[in-house]
Ligand SMILES: Cc1ncc(COP(=O)(O)O)c(C=O)c1O
């Protein structure tokens, strides 16, 4: 086996979840998904597709009508994007892996803004790249980017910069100005930007339909690949559907990569995705409103606990916080499961930079679960 594979970290979130196996009393907020099921219209589209006998392969890049619909969806949110720049993938994580396979090879230098969902840095590492981690900084309990540090790390030797915003786990979101500075710099160094924008719709700033996207400011021929997912905005984590936005001219090469990875996303899943995109205006704003209620239920209660530092995330679906004196996040997360049946993700799962922090996914149908969870945390802290 290649040594890099042996060196990959096992999921520390799973390690905490395993501590709660077989216990029905655990309130679990450790995984990055809502407890709300997929909208009925989306399910029905998949069922109808199966009944219609759509059980065959599709084009590598996805159903033409889905690619058209995604182009229309992005064009409505951002700027016009031609459908031939879109590749449908079997999940957001697959979209990101294919982006890495397209751009990154052994020995390449890749810069990643961290802490971040671990898959984003594991994928180029699997391909043999050298990862340079640039950490967000904590200021008054909130995670912020020190732009000069990031720019200094991106040189003409940097093949790609990986940036996820709104960020999992911190909720940090790139501002438009930061995007402009980063894009201008990467144009000079010839560096690819791989932008993970899967949480773009889960953004709570008043009046905004989506977080700032690189698509708003880039030219089609910029070295930019944007990764997307149906998981978060459409409550479709288990369906495994995502997509990439590519510069013109790359789709046929990406089609080859998809052929060798999964060949295509299942057609009935793509039909479900098509129904989701068509229903987006009817569905997404309500979901974001529900998630905002969750956030606003959760954060003030957490912040009120003595010793807890937490800031209000502008995007994403996570409260990222720390408790004074609790510096070993894995041990603390396991203790919370064992002692009070509260399931959270340890910060160390997102990198050493986040040691001592905990991630709490607040996406829940029932905000009362969050209140109960904060009560359990408070009990564990002896408050
Ligand atoms: C930042 C980020 N990107 C991508 C994904 C991948 O989503 P999926 O593979 O479910 O489409 C996730 C899932 O948690 C994520 O948090």
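The values are calculated or read from the model by the stated rules, or taken from the named source; none is laboratory data. This one's a predicted model, so the numbers in the text were calculated from it and none came from an experiment. Note that we place each Cβ from the backbone using ideal geometry, even for glycine, and neighbour counts take in every protein chain shown.
Residue 205 is checked against (1) touching a strand residue (DSSP E or B) at 6+ places or on another chain (Cβ under 7 Å); (2) touching a residue at least 60 places away in the same chain (Cβ under 8 Å) and fails just one. What number does that condition carry?
Result: residue 205 passes all but (1).
With respect to the numbered conditions (1) over 25 Å from residue 287 (Cβ atoms); (2) surrounded by fewer than 18 Cβ atoms within 10 Å (Cβ to Cβ), which one is the sole condition not fulfilled by residue 176?
(1)
Among the candidates 49, 90, single out the residue that is within 19 Å of the chain's Cα centre (by Cα), farther than 30 Å from residue 329 by Cα and touching a residue at least 40 places away in the same chain (Cβ under 8 Å).
None of the others qualify; the one that does is 90.
Return yes or no: is residue 110 within 19 Å of the chain's Cα centre (by Cα), more than 15 Å from the ligand (Cβ to nearest atom) and surrounded by fewer than 17 Cβ atoms within 10 Å (Cβ to Cβ)?
Answer is no for this residue.
How about region 233-249: which of its residues are assigned to a loop (DSSP other than H, G, I, E, B) and either under 26 Å from residue 49 (Cα atoms) or within 14 Å of the ligand (Cβ to nearest atom) (or both)?
Matches in region 233-249: 233, 234, 235, 236, 240, 241.
For residue 323, all conditions in the list (1) surrounded by fewer than 17 Cβ atoms within 10 Å (Cβ to Cβ); (2) in contact with a helix residue (DSSP H, G or I) (Cβ under 8 Å, 6 or more places away or on another chain) hold save one; what is the number of the exception?
(1)
Here are some conditions: (1) outside any loop (DSSP other than H, G, I, E, B); (2) touching a residue at least 60 places away in the same chain (Cβ under 8 Å); (3) within 16 Å of the ligand (Cβ to nearest atom); (4) touching a strand residue (DSSP E or B) at 6+ places or on another chain (Cβ under 8 Å). Residue 102 meets all but one. Which one does it not meet?
With (1) outside any loop (DSSP other than H, G, I, E, B); (2) touching a residue at least 60 places away in the same chain (Cβ under 8 Å); (3) within 16 Å of the ligand (Cβ to nearest atom); (4) touching a strand residue (DSSP E or B) at 6+ places or on another chain (Cβ under 8 Å) applied to residue 102, the lone miss is (3).
Would you pick out the residues in region 113-126 that are under 16 Å from residue 192 (Cα atoms) and within 12 Å of the ligand (Cβ to nearest atom)?
113, 120, 121, 123
Could you figure out which of (1) surrounded by 20 or more Cβ atoms within 10 Å (Cβ to Cβ); (2) away from the ligand (no atom under 16 Å from the Cβ); (3) closer than 17 Å to residue 133 by Cβ isn't true of residue 144?
(1)
If you go through region 255-292, how many residues are in contact with a helix residue (DSSP H, G or I) (Cβ under 6 Å, 6 or more places away or on another chain) and farther than 30 Å from residue 51 by Cβ?
Number satisfying all stated conditions: 1.
Residues are listed down the side, and each one gets a yes or a no for (1) touching a strand residue (DSSP E or B) at 6+ places or on another chain (Cβ under 7 Å); (2) on the phi > 0 side of the Ramachandran plot; (3) at pLDDT 95 or above:
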| position | (1), (2), (3) |
| --- | --- |
| 141 | yes, yes, no |
| 147 | no, no, yes |
| 159 | yes, no, yes |
| 163 | yes, no, yes |
| 170 | yes, no, yes |
| 185 | no, no, yes |
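Select, from 213, 229, 233, the only residue that is under 28 Å from residue 272 (Cβ atoms), surrounded by fewer than 24 Cβ atoms within 10 Å (Cβ to Cβ) and in contact with a strand residue (DSSP E or B) (Cβ under 9 Å, 6 or more places away or on another chain). Don't jump to the end; show me each part of the working.
Details: 229 fails: surrounded by fewer than 24 Cβ atoms within 10 Å (Cβ to Cβ); 233 fails: in contact with a strand residue (DSSP E or B) (Cβ under 9 Å, 6 or more places away or on another chain).
Of 213, 229, 233, the one residue that is under 28 Å from residue 272 (Cβ atoms), surrounded by fewer than 24 Cβ atoms within 10 Å (Cβ to Cβ) and in contact with a strand residue (DSSP E or B) (Cβ under 9 Å, 6 or more places away or on another chain) is 213.
Listed here are the residues, each with its yes/no results for (1) over 21 Å from residue 315 (Cα atoms); (2) more than 14 Å from the ligand (Cβ to nearest atom); (3) assigned by TED's automatic domain parsing to the domain that holds residue 364.
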{"position": "231", "(1), (2), (3)": "no, no, no"}
{"position": "251", "(1), (2), (3)": "yes, yes, no"}
{"position": "254", "(1), (2), (3)": "yes, yes, no"}
{"position": "260", "(1), (2), (3)": "yes, yes, no"}
{"position": "267", "(1), (2), (3)": "yes, yes, no"}
{"position": "274", "(1), (2), (3)": "yes, yes, no"}
{"position": "290", "(1), (2), (3)": "no, yes, yes"}
{"position": "295", "(1), (2), (3)": "no, yes, yes"}
{"position": "298", "(1), (2), (3)": "no, yes, yes"}
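Filtering region 206-229 down to residues that are under 21 Å from residue 190 (Cβ atoms) and part of a strand (DSSP E or B), which residue is farthest from the ligand (Cβ to nearest atom)?
Here the residue is 224.
If you take the residues in region 15-28 that are within 28 Å of residue 124 (Cα to Cα) and touching a helix residue (DSSP H, G or I) at 6+ places or on another chain (Cβ under 9 Å), which one is surrounded by the most Cβ atoms within 10 Å (Cβ to Cβ)? Break it down stepwise before answering.
Going through region 15-28, the residues within 28 Å of residue 124 (Cα to Cα) turn out to be 15-18.
So of that shortlist, the ones also touching a helix residue (DSSP H, G or I) at 6+ places or on another chain (Cβ under 9 Å) come out as 15-17.
Values: 15: 15, 16: 24, 17: 18.
The qualifying residue surrounded by the most Cβ atoms within 10 Å (Cβ to Cβ) is 16.
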